[in-house]
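The values are calculated or read from the model by the stated rules, or taken from the named source; none is laboratory data. All values reported here derive from a predicted model rather than from experimental measurement. All Cβ positions, even for glycine, are placed from backbone atoms using ideal geometry, and neighbour counts span all protein chains on display.
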């Protein structure tokens, strides 16, 4: 019998209703205190005898008694438990026939409600409700026992979702309430989990009218009541969800699984959400004719199918002077009297004081520069910036602008006292303004916006005529993106954080109209009859458009984005019929390359926003080019053009088309073409599934791809493809992740780092992903974790469907050979592995002088068929990929420095092949081999530094374990260098600190963490330096010898001290604190801290934050996947750059609390690589 403890009591006698409510709250505080301390608590329930007797009778009368499946019995009835159960249904709760049970169950509900607000702080979980009450009774007789005997689980049960529901229950249960209504005694044993040494096993007497509450996630139980009429009422309080659900509640998914993301967003019909590092359009703005001064107005115009054309107002120019009569065409005059133009107020009203522009300067600014400032800033505001946050930001500005036809010469005045009175006015007899050129020059337009707001990114004006603004988008994308998956590498400046891409066009002069009417390029009716039989030319229009593009792989940006800019491409017509004639083959190539960049198939494109100027030649060529790329396809291609609404905005046309594309995909609707009455017979659409819509057409998808094309009459073609989920309308997808919608939920295993199914822990293979409608089909042993892969789980299974290995899939290696290649041969020699039975291969590896080796595998000596781990420096437990050509320099690492294996140690690599789940291991199979007996490979060591121009300068081998090299100091008397083994950037020898001069700085390596770390040698110009390297048993000694200054020697530290670890923390004022190696636990480092008086209202506690850096190098950090992490909550990332500054969060209700930070490099579970815990060693605190 366990030790006695105070018994709580409920309800207290002789209390009115007000006191009862207050006392219920006090009971909740006492209960959480007891459970937090001991893990359990008993409450004596003062039940009315009438209620208790009625409840017993009602329990006996229940008709829905059953037994759970045999494998589930212990989770409900305890170890070796028996009996029957009936779920207390809602219908029974509201029935007069079960009033007593309803009353007892309602008391449990009331207690759960008052516990809920306290559970987070007091018990460490968030209450998400309770399960329905469960009535337990023993079997009435042997016949009932036989009839209700628990049956084993079947695959049909798994397919019906039985295990799915049960796993949700056992993974979310936190408190069990067991109310003993009737019994004749008995005992209940509380059995703590094997890993909960802080709790002790307890034996409690079973007494009727008592309620036992215990932590069901920390204790199992054995329930042995006495009496054939025993009755118990049970329920459980559940947590908010699994680890996957808690992560997504914080806006974090953690895996690049497009299908999983899409289903969690409610995207079931349409292309899945792209993942990885992408270009996100986070904000956009449009200002176009027709009174559309923002995006809402533009969308209203598009969906309504109206245009913004007007008769050219006299404030622009006098049509009676510059235009010929309708129906005529006269030289030197425009036959067009209509255009899409903004109102006078839109282009003349300007708040120069807001932008800090003087009155005399603003008078010289053309209207297009004013719009760039006003509407460009409007787009940045939509992106969340203000003037203060923009100052100094590396945001690039790209502007498509063909120049200004606004005439500034009226501002030039004649001098009252001319310098040359006898000569015509222009020669020395007039006065100009030094601000005039800046007010009209397109070279200044983009730079003015950057100047006003203090932007430090590039400022670029682009003029390729009609395609200028879309070329600007492509240039921005190429400047910021990362190449991957066969994409072309970026060629522009990569230092911009983000970009504002704009396009502008303003019609302020009649001369451009007259010039375009000469070759009959404009439509006489002043409209764009795109795709129509009456197409005869284009109509001009004002316009401004802007998009804010942010490169990111952040989940939050994916959720907030307007669209994902998938691909962008620019090319040139080359030699075509004439300079301005379109080239169909070049247009096809441009569209095809953009889709290749986006990795999108033609059949996935739903909507095509065409250049569509409405010319007799251009439209048929463009549609023909589109057809040449978009076939074959089964679904119709919705084809449209914004020029029928607002005319050809020339330099802004591509930007307006891009904005329209984003609008259409976010509504899953293609907008109608204006003025389309009869399709142009020259369009090659026979047999091509395309729709030239004259009214809004719904795509009937939750997500869409759309592409926009823009072709300049200079021959420069541009294309962009976008993706977005539907954000409005009947096809609307969610803007927040909801993993309950996902067919499968995948997470990274903290041990293998491969994907696992979040609920069952099963490895996610290609065939597993194809199992649609997946239901859990795995039940591990009691207390077994489900957040690690079955590959590394060492326990048993209560139920498991046949695995892939058990199904015996074809091994595909019967006619092939497996080869190993590694650092022991400088990655130069492939060695055939020995076949040991079906799918098993082994190979010997001898550790070299550095006491470590790296390797990969490949099939048939084919580098495009490599087998490799998913990270560098991988252990044998890491998930294996391949065979393919995507190894990216990743490899396994056999590290004898950690396992105390000397050089010459013979290891055996053992690989087990399977098409989907592969495994590898290695072990020492013998003592160290003498160098004279082993086949030697002469490793090379090379100097690389400021004197080698990035090239490897090989050192000469003096004897075994020693190499010599040298260099001459340049004119500055200073040189930097480090050393590479076999010319491999993953085997660098370098100092612990960059720029090391003092010999007290230890040598690091050979390893992959040496990027940017060099020794710095000073001396006289042209002084010769000799470098001597010694590598013996993994110990590195490096000497720089000078005849003038003598020798300086640096040495490495061995075993686990090869690197130093520092806590970069708030309690030290963000000054790195070196951690101390634990002599009793190799591979473990510790640091100690104390809570300062920093109180956080957000957490209602005192808080500190930290992450870990290696060798005081912020590019080599250990940090959690997500910020403000708790111990063991997230996988520890790194070594790498902690770009998001993610930290672990330490919370305490008391200041001055002591804690320790631990780095455990031996932990296979990467959640346990870094953690913190409270520190209570009083002797240490006193010292």
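Across segment 1055-1076, which residue is surrounded by the fewest Cβ atoms within 10 Å (Cβ to Cβ) among those that are in a loop (DSSP other than H, G, I, E, B) and without any contact (Cβ under 8 Å) to a residue 12 or more places away in the chain? Result: 1069. Please indicate, with yes or no, whether at least one residue in segment 117-125 is under 22 Å from residue 786 (Cα atoms), in contact with a helix residue (DSSP H, G or I) (Cβ under 9 Å, 6 or more places away or on another chain), assigned to a loop (DSSP other than H, G, I, E, B) and modelled with pLDDT under 95. The answer is yes, given that some residue of segment 117-125 is under 22 Å from residue 786 (Cα atoms), in contact with a helix residue (DSSP H, G or I) (Cβ under 9 Å, 6 or more places away or on another chain), assigned to a loop (DSSP other than H, G, I, E, B) and modelled with pLDDT under 95. Going through (1) at pLDDT below 90; (2) assigned to a loop (DSSP other than H, G, I, E, B) one by one, residue 410 falls short only on (2).
Mind checking whether some residue in segment 163-182 is in a loop (DSSP other than H, G, I, E, B), exposed (fewer than 15 other Cβ atoms within 10 Å of the Cβ) and assigned by TED's automatic domain parsing to the domain that holds residue 231? Looking through segment 163-182, none of the residues is in a loop (DSSP other than H, G, I, E, B), exposed (fewer than 15 other Cβ atoms within 10 Å of the Cβ) and assigned by TED's automatic domain parsing to the domain that holds residue 231.
Quick grid of which residues meet (1) free of Cβ contacts under 8 Å to residues at least 24 places away in the same chain; (2) outside the structural domain of residue 509 (by TED's automatic domain parsing); (3) assigned to a helix (DSSP H, G or I):
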residue	(1), (2), (3)
314	yes, no, no
354	yes, no, no
365	no, no, no
373	no, no, yes
378	no, no, yes
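The residues of segment 875-895 that are in contact with a strand residue (DSSP E or B) (Cβ under 6 Å, 6 or more places away or on another chain) and in a loop (DSSP other than H, G, I, E, B), listed by number, are 876, 878, 887, 890, 891.
Just to be sure, is residue 339 part of a helix (DSSP H, G or I) and in the same structural domain as residue 562 (by TED's automatic domain parsing)? Considered against the rule, which asks whether it is part of a helix (DSSP H, G or I) and in the same structural domain as residue 562 (by TED's automatic domain parsing), residue 339 comes out as no.
Restricting 73, 85, 134 to residues that are surrounded by 14 or more Cβ atoms within 10 Å (Cβ to Cβ), modelled with pLDDT of 90 or more and out of contact with any strand residue (DSSP E or B) (no Cβ under 9 Å at 6 or more places or on another chain) narrows the list to 73. Among the strands (runs of 3 or more DSSP E) confined to segment 1085-1162, the ones with at least 3 residues that are touching a strand residue (DSSP E or B) at 6+ places or on another chain (Cβ under 8 Å), closer than 21 Å to residue 555 by Cα and free of Cβ contacts under 8 Å to residues at least 60 places away in the same chain are located at 1113-1120, 1132-1136.
Does residue 507 meet the test of being at pLDDT below 95, surrounded by 22 or more Cβ atoms within 10 Å (Cβ to Cβ) and assigned by TED's automatic domain parsing to the domain that holds residue 305? When the stated conditions are applied, residue 507 passes them.
Filtering segment 193-214 to residues that are under 30 Å from residue 777 (Cα atoms) and at pLDDT 95 or above leaves only 214. In segment 1133-1142 there is no residue matching the filter, namely being at pLDDT below 95 and more than 30 Å from residue 991 (Cα to Cα). Scanning segment 978-991 for residues that are out of contact with any helix residue (DSSP H, G or I) (no Cβ under 9 Å at 6 or more places or on another chain) and in a strand (DSSP E or B) yields 978, 979, 980, 988, 989, 990, 991.
So that you can scan it fast, the table gives a plain yes or no per residue for (1) modelled with pLDDT under 90; (2) surrounded by 18 or more Cβ atoms within 10 Å (Cβ to Cβ); (3) under 31 Å from the mean Cα position of the chain (by Cα):
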residue: 566; (1), (2), (3): no, yes, yes
residue: 577; (1), (2), (3): yes, no, no
residue: 591; (1), (2), (3): no, yes, yes
residue: 641; (1), (2), (3): no, yes, no
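Does residue 322 qualify as being modelled with pLDDT of 95 or more and either surrounded by 12 or more Cβ atoms within 10 Å (Cβ to Cβ) or touching a helix residue (DSSP H, G or I) at 6+ places or on another chain (Cβ under 9 Å) (or both)? Answer is no for this residue.
Is it true that residue 841 is part of a strand (DSSP E or B), in contact with a strand residue (DSSP E or B) (Cβ under 7 Å, 6 or more places away or on another chain), modelled with pLDDT of 90 or more and over 30 Å from residue 1007 (Cα atoms)? Answer is no for this residue.
Just one of the listed residues (608, 535) is touching a residue at least 12 places away in the same chain (Cβ under 8 Å), out of contact with any strand residue (DSSP E or B) (no Cβ under 9 Å at 6 or more places or on another chain) and buried (at least 19 other Cβ atoms within 10 Å of the Cβ), and it is 535. For segment 902-916, a tally of residues being assigned to a loop (DSSP other than H, G, I, E, B) and buried (at least 20 other Cβ atoms within 10 Å of the Cβ) returns 4. Can you tell me how many residues in segment 148-162 are loosely packed, with under 13 Cβ neighbours inside 10 Å and not in a loop (DSSP other than H, G, I, E, B)? Going through segment 148-162 one residue at a time, the tally reaches 2. State whether one or more residues within segment 998-1012 are touching a residue at least 60 places away in the same chain (Cβ under 8 Å), more than 28 Å from residue 894 (Cβ to Cβ) and assigned to a strand (DSSP E or B). Looking for residues that are touching a residue at least 60 places away in the same chain (Cβ under 8 Å), more than 28 Å from residue 894 (Cβ to Cβ) and assigned to a strand (DSSP E or B), one finds none in segment 998-1012, hence no.
Filtered by the rule that a residue be over 44 Å from the mean Cα position of the chain (by Cα) and assigned to a strand (DSSP E or B), segment 190-219 gives 202, 203, 204, 205, 210, 211, 212.
Of the numbered criteria (1) surrounded by 19 or more Cβ atoms within 10 Å (Cβ to Cβ); (2) out of contact with any strand residue (DSSP E or B) (no Cβ under 6 Å at 6 or more places or on another chain); (3) touching a residue at least 60 places away in the same chain (Cβ under 8 Å), the one residue 782 fails is (1). Within segment 220-237, being in a strand (DSSP E or B) and either closer than 23 Å to residue 107 by Cβ or outside the structural domain of residue 202 (by TED's automatic domain parsing) (or both) holds for 221, 223, 225, 231, 232, 233, 234, 235, 236, 237.
In summary, residue 872 fulfils each of the numbered conditions (1) touching a residue at least 24 places away in the same chain (Cβ under 8 Å); (2) part of a loop (DSSP other than H, G, I, E, B); (3) more than 30 Å from the chain's Cα centre (by Cα) with the single exception of condition (3). Scanning segment 1035-1074 for residues that are within 20 Å of residue 941 (Cα to Cα) and within 37 Å of the chain's Cα centre (by Cα) turns up just one, 1058.
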